[in-house]
1. Pull out the extension gain between Thr50 and Ile62, defined as 0.36 nm times the separation in residues minus the alpha carbon to alpha carbon distance; nm, one decimal.
2. Write down the accessible area per residue of the chain in Å², having rolled a 1.4 Å probe over the full set of protein chains.
3. For Cα pairs less than 8 Å apart in space and 6+ apart in sequence, what is the mean separation divided by the residue count of the chain, i.e. the relative contact order in percent?
4. With the full set of protein chains in place, find how many percent of the accessible area of the chain is carbon and sulfur; take the probe as 1.4 Å.
5. If packing is taken as the average number of other Cβ atoms within 10 Å across a peptide's residues, how do 34-45, 52-63 rank, most packed first?
6. Within the set of other residues whose C-beta is less than 15 Å from the C-beta of His74, count the net charge using Lys and Arg as +1 and Asp and Glu as -1.
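The values are calculated or read from the model by the stated rules, or taken from the named source; none is laboratory data. Small disclaimer: the values here were computed from a predicted structure and weren't measured. Cβ placement follows ideal geometry from the backbone for every residue including glycine, while neighbour counts extend to all protein chains displayed. For the accessible areas, the whole protein counts, side chains as well, though only heavy atoms, and no ligand, DNA or RNA atoms are used. Shrake-Rupley method; radii C 1.70, N 1.55, O 1.52, S 1.80 Å.
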Amino acid sequence: MKMMNFNSVRDKVAIVTGASRGIGRAIVQRLHDRGYRVLCSGTRPERPDTLPEDIDYIGCDIGDSVQRKAAFRHIEEKYG
């Protein structure tokens, strides 16, 4: 199994859904520690206290098309 070279994607934006707890939260922290700019979403509208301040959070139920479209507009505006 080939391992991904995390250095090759340094300064890239990573989008993680389900990021406010559990496995998603662990993935966010790992990517953040590796130098990614991280945008994460969760179904909770309020930002989780456990996220570092430099991680962007958006409350979004990705199963809801209106919320999903708003989230992608936010991503395009902020990250291009």
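1. Numbers: separation 12, 0.36 × 12 = 4.32 nm, distance 2.12 nm.
Value of the extension gain: 2.2 nm.
2. Ligands and nucleic acids excluded, the result is 70 Å² per residue.
3. Working: 101 pairs, mean separation 18.8, N = 80.
Here the relative contact order equals 24 percent.
4. C and S fraction of accessible area: 53 percent.
5. Working: 34-45: 18.2, 52-63: 14.3.
The peptides rank, most packed first, as 34-45, 52-63.
6. Values: positive: Arg37, Arg47, Arg68, Lys69, Arg73, Lys78; negative: Asp56, Asp61, Asp64, Glu76, Glu77.
Neighbour charge sum, excluding His74 itself: +1.
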